[in-house]
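Any read-out appearing in this document is the output of simple, stated calculations on the displayed coordinates, not a laboratory observation. Since we're looking at a predicted model, the values are computed, not measured. FYI the Cβ positions are ideal-geometry reconstructions off the backbone, even for glycines, and counts take in every protein chain you see.
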Amino acid sequence: MDLGVNVYGHWGPPILGFPTSGGDEGELERMGLIRGLADFVDAGRVKIFAVNSINEAGFYNKRAHPFHRSWVQKQFDEYIRYEVVPFIFTNCRTEWTPISTMGASFGAYHAANTLFKHPDVVKRCFAMSGVYDIRSFMNGMYDDNFYFNNPIDYLGNLSDGWYYDQYRTCDIHIATGHGPHENSAPSYRLSALLAAKGIPHHLDDFGDMGGHDWPYWVHQMRNYIGGLF
C-alpha cells in the first residue's frame with residue numbers, strides 16, 4: 001500500500017510523529033497539534049514528519065488472524081526504519097541526523113517502540129498516554145513478530161550490550177498524569193521496567209495536565225520542544 005508522509009517546517013531537528021489508533025498522516029494537523037507547535041516549526045526549531053499508520057490493517061484488524069496482525073506490525077516497523085528514516089535524512093539534506101519520535105495514545109506505542117528497536121537512529125522519544133504491553137490485541141496468541149514488537153517483553157529479557165550502549169545515548173520521555181480519561185498505569189509499568197534494566201529515561205507526570213486528549217498532548221509537546229530544542 002501507499003503511505004503518505006506530511007512534512008511541516010523548513011529547518012530544524014526532525015521529529016517523527018505517529019497518529020493515534022485510527023489516524024493517518026494528516027491527523028496531527030487536523031487535531032491541532034501542528035497548529036499548537038507552529039511557532040516552533042516556523043522558527044526552524046523543529047521539523048515535523050507526520051506518518052500514516054497501518055493500525056487498521058494490523059493490531060486493530062479483528063477480522064485477521066493474530067499472526068497476520070503481528071506480521072503487519074513487523075512490516076510497518078521495517079517501513080519506518082528503511083523507508084521513512086532515509087526519507088527524513090534526504091529531506092533534511094544530511095547523511096545522518098538524530099531523529100526524535102512523538103506519539104499519543106497508540107501513537108505513543110509506535111514512538112517508543114521505534115526508539116527501542118532502532119536506538120542508533122532514533123535518539124529521543126516523547127511517548128504520551130501510551131500502552132506498551134499490547135497482548136490484548138493478539139487473542140491470547142504469540143509469535144516472534146509480536147514478541148519483538150512488544151516492548152514489555154523484549155525489554156524485559158534484554159541482554160544485548162549494544163542496545164544498552166545505545167540507550168545510554170538516548171533521551172526517553174514517558175508522559176502521563178491524572179487528568180481526564182488518562183490511565184497512567186502502563187506508563188508507570190514501563191518506567192519501572194526501564195529502571196529495573198538500568199535504562200535511563202524520564203517518567204514525566206504532568207498531573208492535571210496529563211489527560212488523554214489533544215489539548216493535553218499539545219501542552220506536553222510545547223513543554224518538551226520549548227525546553228529541549
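Points to keep in mind about this one:
- Restricting region 1-54 to residues that are in contact (Cβ under 8 Å) with a residue 40 or more places away in the chain and of a type in the set (Val, Ile, Thr), the residue that is nearest to Trp214 (Cα to Cα): Thr20
- Residue satisfying all of: in region 29-84; among the polar types (S, T, N, Q) and over 16 Å from Val5 (Cβ atoms); surrounded by the fewest Cβ atoms within 10 Å (Cβ to Cβ) among these: Gln75
- Restricting attention to region 142-180, the residues being without any contact (Cβ under 8 Å) to a residue 24 or more places away in the chain and surrounded by 14 or more Cβ atoms within 10 Å (Cβ to Cβ) number 3.
- Helices (runs of 4 or more DSSP H) contained in region 9-105 and holding at least 1 residues within 19 Å of Pro119 (Cβ to Cβ): 66-79, 85-91
- Candidate set from region 142-153 (those that are under 16 Å from the mean Cα position of the chain (by Cα) and outside any loop (DSSP other than H, G, I, E, B)); member that is farthest from Tyr224 (Cα to Cα): Ile152
- Thr114 vs. criteria polar (S, T, N, Q) and either in a loop (DSSP other than H, G, I, E, B) or without any contact (Cβ under 8 Å) to a residue 12 or more places away in the chain (or both): no
- Residue within region 184-205 that is surrounded by 19 or more Cβ atoms within 10 Å (Cβ to Cβ) and acidic (Asp, Glu) present: yes
- Where a residue in region 91-105 is in contact (Cβ under 8 Å) with a residue 12 or more places away in the chain and its partner, wherever it lies, is polar (S, T, N, Q), with Cβ under 7 Å and at least six apart: Thr101/Thr114; Ala104/Thr20; Ala104/Ser129; Ser105/Thr20; Ser105/Ser21; Ser105/Ser129
- Condition met for Ala196 (among the aliphatic types (A, V, I, L, M), touching a Gly at 6+ places or on another chain (Cβ under 9 Å), on the phi < 0 side of the Ramachandran plot and in contact (Cβ under 8 Å) with a residue 40 or more places away in the chain): no
- Residue match in region 200-211 (condition: in a helix (DSSP H, G or I) and free of Cβ contacts under 8 Å to residues at least 24 places away in the same chain): no
- In region 127-141, the residues that are surrounded by 15 or more Cβ atoms within 10 Å (Cβ to Cβ) and either aromatic (Phe, Trp, Tyr) or under 19 Å from the mean Cα position of the chain (by Cα) (or both): Ala127, Met128, Ser129, Gly130, Val131, Tyr132, Asp133, Ile134, Phe137
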